[in-house]
Amino acid sequence: MKFVTCPSLGRRALSEFTYGGRLEKEPDQESVSEKAWTDYVFYRNGAPQTLKEWWYHRPTGIWFLFERNTLTDRITQVEFANRGIENEA
Amino acid sequence: MPLRLLKYAWKKSEDEPRFFPDETPLKKAYDVVIIGGGGHGMACAYYLAKEHGITNVAVLEQGYIGGGNTGRNTTIVRSNYLTSEGVKFYDESLKLFEDLSDDFDLNIFYSTRGHFTLAHTDSAMRTMRWRAEVNKHHGIDSEVVDVETIQKEVPYMDMSCNGQHPVMGALYHAPGSVARHDAVAWGYARGAQQRGVEIHQKTRVTDIKTKGGKVVGVETDRGFVEAKKVISMVAGSTPRITEMLEIETPIEIFPLQACVTEPVKPFMDTIVVSGSLHVYVSQSSRGELVMGASVDPAELHSTRSTLDFVEGLTDQMMDLFPFTSRLKIMRQWAGMSDITPDFAPIMGKTDVEGFYLDAGWGTWGFKATPVSGKTMAYTVANDTPHELIKPFSLSRYADFKLVGEKGAASVGH
Ligand SMILES: Cc1cc2nc3c(=O)[nH]c(=O)nc-3n(C[C@H](O)[C@H](O)[C@H](O)COP(=O)(O)OP(=O)(O)OC[C@H]3O[C@@H](n4cnc5c(N)ncnc54)[C@H](O)[C@@H]3O)c2cc1C
């Protein structure tokens, strides 16, 4: 089993979390062009890389942001999603 | 086939010819380079040579033939999809599958079993009725059946699922089949090679070169080769190839795992799938139960196996087939699934002239091997998409023309 160490919660089994996909910068809905919007919704570089991702801790209902490499599966950073992040990628 | 076996038995020496000839050096230039020697790549090479007379073709495979998802899948072949586009496409594949053993003069062990997709909820029953109607409209043998019918066909199944989620009915698809995956790749590969195609194993494409927006060749770990046209048929490695050309796609890679039990006496000749429990099972000709589930929870470019998967799967499987609690798991493995948001493939031309894509096969692309090869060969030979794959273009997402296939493809096969 894989474990991850979180602020406040300490060491938790990864199976307690639900994956919420990668963090991406949402374009401004008022001014965005159709192309930029579909790029945001659908098109991406899916090659192996280090990503910021949403992870939801079910028992406590807390959203976290993990920095994780999609080739090695190493989690290198864990933070509360609602701290200091204003929808920024 | 039996005649050939007899002839072989009377011979004193073992002079059966090698299946594939020894490795040759790469040529300087090819008309077509296919990246990926899985079933799709081999089938495409085969049809390019056989139906379009294009034989100056090289298939470049970084590992060995069929060593990707082709050799890792649970081999379920069916056409009872949800969308018209999907049903027509997969039905064509099923028809091609039925003749492959003869075409190849090689037994692919194509075995028609009948396929049950169980429904445990009202909403699942609704999807089954919907699928049955779409299927029948296209002349596919597909119907909703009741609990008694299922119990008769699959006598060892606990229809109450341990009292947890009773089976309410199922979609039954008589043509549902299994086949020997390796033989499919080998048959296509040998057929292509006999017609002049070159297959280079242990040859990895490291870059794709363009000039003025047009493909000119590929860089490999054995040097540069010129190519007028390049087709990417690499399933779980697709994003690494498209990145070379800065092409963005909606594809994300998720591991998909499977496992088999020790062999037991034949007791179940049908394929059983439960969408609600996220599991499926069939019994192989050796007697093993071949089992699979949904993809792993998060994006990952890896073929590692996990205990979480086996625990989750066997937990559900024991509700369906209580006696399996006594069986041992013999092997488990994983492949990399190239998942799209609408659970339909991405096929055809791209914005880069001479570069073609066959991808987004996720957890369901083995059954598409023949038809993908055939339609991609047509598309490349004519530089225009085959009618059957027009709905699957990479640009469909930008046009918001998705092919909502999730209701029929979200469990791993
Ligand atoms: C566990 C599991 C169960 C499945 N079950 C089913 C099922 O029951 N029914 C079904 O229809 N489908 C199923 N699938 C899906 C199916 O296996 C795939 O969609 C299908 O096999 C894809 O075939 P392919 O030829 O496109 O890819 P692959 O067989 O993966 O071949 C791609 C090849 O490309 C090579 N390659 C990659 N990068 C490079 C490079 N840079 N240079 C050279 N070569 C490269 C790889 O080594 C690989 O051999 C399952 C998949 C998995 C993982």
(message) Which numbered condition in (1) open to solvent by 10 Å² or more (accessible area, probe 1.4 Å); (2) among the hydrophobic types (A, V, I, L, M, F, W, C); (3) near the ligand (Cβ under 9 Å from one of its atoms); (4) away from every other protein chain (no Cβ under 14 Å) is the only one that B:A368 fails?
(response) (1)
(message) So for the stretch A:16-34 (the condition being part of a loop (DSSP other than H, G, I, E, B) and within 11 Å of another protein chain (Cβ to nearest Cβ)), does at least one residue qualify?
(response) no
(message) As an exercise: evaluate A:D73 against (1) within 11 Å of chain B (Cβ to nearest Cβ); (2) closer than 17 Å to B:P250 by Cβ and give the number of the one condition it does not meet.
(response) (2)
(message) What's the total number of residues in the stretch B:354-365 that are within 8 Å of the ligand (Cβ to nearest atom) and under 26 Å from B:K229 (Cβ atoms)?
(response) 5
(request) Examine the stretch B:44-63 for a residue that is within 15 Å of the ligand (Cβ to nearest atom), of a type in the set (D, E) and in contact (Cβ under 8 Å) with a residue 60 or more places away in the chain, and state whether such a residue exists. (result) yes
(request) Determine whether the stretch A:9-24 contains at least one residue that is in contact with a Lys or Arg (Cβ under 8 Å, 6 or more places away or on another chain), without any contact (Cβ under 8 Å) to a residue 24 or more places away in the chain, open to solvent by less than 80 Å² (accessible area, probe 1.4 Å) and among the charged types (D, E, K, R). (result) no
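Return yes or no: is B:D383 open to solvent by 20 Å² or more (accessible area, probe 1.4 Å), of a type in the set (D, E) and more than 14 Å from chain A (Cβ to nearest Cβ)?
Values: open to solvent by 20 Å² or more (accessible area, probe 1.4 Å): yes; of a type in the set (D, E): yes; more than 14 Å from chain A (Cβ to nearest Cβ): yes.
Taking the combined requirement at face value, the residue satisfies it.
A quick yes/no check of all residues on (1) free of Cβ contacts under 8 Å to residues at least 12 places away in the same chain; (2) not in a helix (DSSP H, G or I):
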| position | (1), (2) |
| --- | --- |
| B:T127 | no, no |
| B:E133 | yes, no |
| B:V144 | no, yes |
| B:E148 | yes, no |
| B:K152 | yes, no |
| B:M157 | no, yes |
| B:S160 | yes, yes |
(request) Kindly list the number of the only condition in (1) among the polar types (S, T, N, Q); (2) within 12 Å of another protein chain (Cβ to nearest Cβ); (3) touching a Gly at 6+ places or on another chain (Cβ under 9 Å) that fails for B:S232. (result) (2)
(message) Given the condition in a loop (DSSP other than H, G, I, E, B), closer than 30 Å to B:Y46 by Cβ and not assigned by TED's automatic domain parsing to the domain that holds B:Q316, answer yes or no: does some residue in the stretch B:82-102 qualify?
(response) yes
(request) Looking at (1) assigned to a loop (DSSP other than H, G, I, E, B); (2) within 16 Å of the ligand (Cβ to nearest atom); (3) not basic (K, R), find the lone condition where B:D351 falls short. (result) (2)
(request) Go through the stretch B:364-383 and give me each residue that's more than 20 Å from B:T242 (Cα to Cα) and part of a loop (DSSP other than H, G, I, E, B). (result) B:W364, B:F366, B:K367, B:A368
(request) Scan the strands (runs of 3 or more DSSP E) fully inside the stretch B:237-300 and keep the ones with 3 or more residues being within 14 Å of another protein chain (Cβ to nearest Cβ). (result) B:252-261
(request) Read through the list (1) open to solvent by 30 Å² or more (accessible area, probe 1.4 Å); (2) more than 14 Å from the ligand (Cβ to nearest atom); (3) within 14 Å of chain A (Cβ to nearest Cβ); (4) modelled with pLDDT of 95 or more, then give the number of the only condition that B:M336 fails. (result) (2)
(message) What are the pairs with Cβ atoms under 9 angstrom where one residue, in the stretch B:2-24, is under 30 Å from B:Y64 (Cα atoms) and the other, located anywhere, is in a loop (DSSP other than H, G, I, E, B) and open to solvent by 100 Å² or more (accessible area, probe 1.4 Å)? Sequence gap at least six, or different chains.
(response) B:Y8/B:E14; B:E23/B:K202
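Just to be sure, is B:G41 at positive phi and either modelled with pLDDT of 75 or more or in contact with a His (Cβ under 8 Å, 6 or more places away or on another chain) (or both)? Break it down stepwise before answering.
Details: at positive phi: no; either modelled with pLDDT of 75 or more or in contact with a His (Cβ under 8 Å, 6 or more places away or on another chain) (or both): yes.
Criteria not met by B:G41.
Condition first: at positive phi and either among the small types (G, A, S) or within 9 Å of the ligand (Cβ to nearest atom) (or both). Now tell me which residues in the stretch B:177-216 satisfy that. First the steps, then the outcome.
Step one: of the stretch B:177-216, the residues at positive phi are B:196, B:202, B:212-213.
Hits for the stretch B:177-216 are B:G196, B:G212, B:G213.
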(message) When you check B:G196 against the structure, is it more than 30 Å from B:T112 (Cα to Cα) and open to solvent by less than 50 Å² (accessible area, probe 1.4 Å), yes or no?
(response) yes
(request) Give the number of residues within the stretch B:66-93 that are open to solvent by 10 Å² or more (accessible area, probe 1.4 Å) and within 13 Å of the ligand (Cβ to nearest atom). (result) 9
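Within the stretch B:303-316, which residues are in contact (Cβ under 8 Å) with a residue 12 or more places away in the chain and away from the ligand (no atom under 12 Å from the Cβ)? Full working, then the answer.
First pass over the stretch B:303-316, keeping only residues in contact (Cβ under 8 Å) with a residue 12 or more places away in the chain: B:303-306, B:309-310, B:312-314, B:316.
Scanning the stretch B:303-316 gives B:R304, B:T306, B:V310, B:G312, B:T314, B:Q316.
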(request) With respect to B:L388, determine if the residue is out of contact with any Leu (no Cβ under 9 Å at 6 or more places or on another chain), away from chain A (no Cβ under 14 Å) and either closer than 20 Å to B:L82 by Cβ or open to solvent by less than 10 Å² (accessible area, probe 1.4 Å) (or both). (result) yes
(request) Being over 30 Å from B:E248 (Cα atoms) and within 16 Å of the ligand (Cβ to nearest atom) is the filter here, so list the residues in the stretch B:317-333 that pass it. (result) B:M317, B:I329, B:M330, B:R331, B:Q332
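The values are calculated or read from the model by the stated rules, or taken from the named source; none is laboratory data. Note that the coordinates shown come from a computational prediction; the quantities given were computed from them, not determined experimentally. Quick reminder, even Gly has a Cβ in these numbers, built from the backbone with ideal geometry, and neighbours come from all protein chains shown. Only protein heavy atoms, including side chains, enter the accessible area calculation; ligands, DNA and RNA are left aside. Shrake-Rupley method; radii C 1.70, N 1.55, O 1.52, S 1.80 Å.
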